[in-house]
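Take a look at the structure set out below.
The values are calculated or read from the model by the stated rules, or taken from the named source; none is laboratory data. Since we're looking at a predicted model, the values are computed, not measured. Every residue, glycine among them, receives a Cβ derived from its backbone with ideal geometry; neighbour counts consider all protein chains shown.
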Amino acid sequence: MTELLLGLQVIVAIACLWMKKPLAAVILLGAFSLLGALLFYHLDAPDVALTEAAVGAGVTALIFVWFIHRTRGGEHQE
Amino acid sequence: MIGRRTDMLDVVSRKLAPFVMLFGFYLITFGHATPGGGFQGGVVIASGVIMLALGRGSKTTERRFPVEPVHLAEAIALSGLLVVGAIGLLLSGNFLGNFLSIGTVGETGPIAFIFMLNVLFGVKVGAGVSVICLKLFEEDP
């Protein structure tokens, strides 16, 4: 189970690097944090899992979404 | 709010925010018995405030959570933590020492002390992260 979650995290991280759109990359970053939370829960650390889910998948993703919104979808301005 | 705002983001963030905050309060007040605690609960409450800011716009959220009192609450909670730690140093010899009881299992003393620390730390973290995000989300400084 641990190896499966770690492998999924590697796959999601590489996919996150390949994304062209910033919003898709942010969503994959949230998925990465969620997989990390599952991993911590599997390793009997529910406290750390809760922190990872709240900070990584919650606050960070919301802040990134807000700033993508502020910068008009991250498109380059000529 | 700037640019387009979709109904989905609006409705979901507005309807979800109170329940997220309620879960944060649960994490803080049951942190001594179940997974969770001050830091986690505070961050979850702050994410509820951020959801409200995403859904309603930062101006409306700032009317409900004005920056100055929230900032004051954070400062008071941190001062309270330091005072509790100093009292523990005076009475039991260690910083943040438990001065409510010696701490045999089953008594209410240790639980009351941990609960007090959880509440103070939850207020501090929740108010701090909320203030950071509300100041970041200000429309035009």
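Among B:M21, B:M8, which is under 17 Å from the mean Cα position of the chain (by Cα) and surrounded by fewer than 23 Cβ atoms within 10 Å (Cβ to Cβ)?
Residue meeting the stated conditions: B:M21.
If you check A:L23, A:L4, A:L34, which single one turns out to be more than 25 Å from B:M21 (Cα to Cα) and either within 12 Å of the chain's Cα centre (by Cα) or outside any helix (DSSP H, G or I) (or both)?
A:L23
Go through (1) assigned to a helix (DSSP H, G or I); (2) at pLDDT 85 or above; (3) at positive phi one by one and return the number of the condition A:D44 breaks.
Failing condition for A:D44: (1).
I need the full set of residues from the range B:112-122 which are touching a Leu at 6+ places or on another chain (Cβ under 9 Å) and among the aliphatic types (A, V, I, L, M), in order please.
Passing the criteria: B:A112, B:M116, B:L117, B:L120.
For the range A:4-18, state whether one or more residues are within 14 Å of chain B (Cβ to nearest Cβ) and in contact (Cβ under 8 Å) with a residue 12 or more places away in the chain.
There is no residue in the range A:4-18 that is within 14 Å of chain B (Cβ to nearest Cβ) and in contact (Cβ under 8 Å) with a residue 12 or more places away in the chain.
Based on what the data block shows, is A:E3 surrounded by fewer than 16 Cβ atoms within 10 Å (Cβ to Cβ) and of a type in the set (D, E, K, R)?
So A:E3 passes the test.
Yes/no per residue for (1) at negative phi; (2) surrounded by 24 or more Cβ atoms within 10 Å (Cβ to Cβ); (3) within 10 Å of another protein chain (Cβ to nearest Cβ); (4) in contact (Cβ under 8 Å) with a residue 60 or more places away in the chain:
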| position | (1), (2), (3), (4) |
| --- | --- |
| B:G37 | no, no, yes, yes |
| B:G42 | yes, yes, yes, yes |
| B:I45 | yes, yes, yes, yes |
| B:G55 | yes, no, no, no |
| B:T60 | yes, no, no, no |
| B:R63 | yes, no, no, no |
| B:P66 | yes, no, no, no |
| B:V70 | yes, no, no, yes |
| B:E74 | yes, no, no, no |
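Residues in the range A:68-76: is at least one more than 9 Å from every other protein chain (Cβ to nearest Cβ) and under 28 Å from B:F39 (Cα atoms)?
Yes, the range A:68-76 contains at least one residue that is more than 9 Å from every other protein chain (Cβ to nearest Cβ) and under 28 Å from B:F39 (Cα atoms).
Somewhere in the range A:27-39, is a residue within 10 Å of chain B (Cβ to nearest Cβ), closer than 30 Å to B:N118 by Cα and either out of contact with any Pro (no Cβ under 8 Å at 6 or more places or on another chain) or charged (D, E, K, R) (or both)?
Looking for residues that are within 10 Å of chain B (Cβ to nearest Cβ), closer than 30 Å to B:N118 by Cα and either out of contact with any Pro (no Cβ under 8 Å at 6 or more places or on another chain) or charged (D, E, K, R) (or both), one finds none in the range A:27-39, hence no.
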